[in-house]
Structures are given as structure tokens and as C-alpha cells.
1. Taking the conditions exactly as written (at pLDDT 80 or above, in a loop (DSSP other than H, G, I, E, B) and surrounded by fewer than 20 Cβ atoms within 10 Å (Cβ to Cβ)), does Asp123 satisfy them or not?
2. Evaluate the following for Val36: is it within 21 Å of Leu118 (Cα to Cα) and in contact with a Phe, Trp or Tyr (Cβ under 8 Å, 6 or more places away or on another chain)?
Amino acid sequence: MATWPAVLDELLRTRRSALVGYAALLTGDVAAAEDVVHDAIVKAFSRGRQFSHVNKADAYVRRAIVSVFIDKTRRDQRFRDATPLLAGDEALPAAEGAVDLDRALAALSPQLRVAVVLRFFDDLTVPQIASSMGLAEGTVKRYLHEAQSALAATYGADFGSPAEGIDVVAHKERSLP
């Protein structure tokens, strides 16, 4: 069994860019994604968990990324609600042709964004998403439906599958620092 420093070292060496890419799908920003990944790694390794292999650590950190992202978004929203608005929100310009994945995901609430990323990027089933998010399957279905409706209303396209309107494969292959 590997010690936690060795597992952490291997995780950072071999999987860091993939974890940041995964978090970037949620945050829409590489810098914010790096912060979320850092917090998730600290959360995973600071609580005395003994990971026997880097794959187990990777899976745990990915799950922690979702939790950290949702917690951070809620915290930021409470802060924004407590401060007066200084400027109005600017509407996203209309997209031509294929929709930029980052802009499309940024238009969704954090819960809807997580459900979409888990469904179409991680290719999880509804029961798996429900288990991962700690929700009922019906709630996950509602989140996916709301996300599809919101994206269709915003971009005027059918977002029934990841192949329609959003180039998920190109986004997966994008290299991040």
C-alpha cells in the first residue's frame, strides 16, 4: 500500500491537468478551476484518508471538486446578495454555429451545471448522478430537463445530446496548464 505523500505526488504529477480541465467545465475559468482543484485536494488529503492507489484518490478528488464548486458558488452568491449591485449583468452575445461550451455552461445554475457535466462529460447515468450529487433520481431528471430548456431558450438549439450544438470532445481535448 502506497503512503499518502506518494499517492499525492503521483496524483499531482499525472492527473493535475485532467482535474483542472474537469473543474474548468464547472467554473468556466481556468484560474477558478485551479482554486477548486486545490481546495478539493486539500479536503481529500487533510482528513487522514489513506488512498491505496492514485485511481481511488482521483475518484475522490473529482467528487470533492463538485462539492467544493457548489459550496463556493453558494458562498459567493450569499456575498453577492449581501452587497449592492454596482453594474447590471451583460447579456451573452448570440452564438453563431456551434456554441462555446464554457459560455453555455456559465449560463446555468451550479446544480444544473454539475448535472450536465456529470451526464454528458462523465457519461454517468441518472442513478449514478443522483448518487454522486446526493439527490433523488427525479431531481436529477428535472435538473437535466431544466438545463436543456435553458440552453435551448438561450441558444435556439436542441440540446438533447452532447453531439448537438456543443462540441464536448473538442473541449475534453483542450490542453490546460
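The values are calculated or read from the model by the stated rules, or taken from the named source; none is laboratory data. Owing to the predicted nature of the structure, the values given are computational and were not obtained by experimental measurement. We place every Cβ from the backbone using ideal geometry, glycine too, and count neighbours over all the protein chains shown.
1. yes
2. yes
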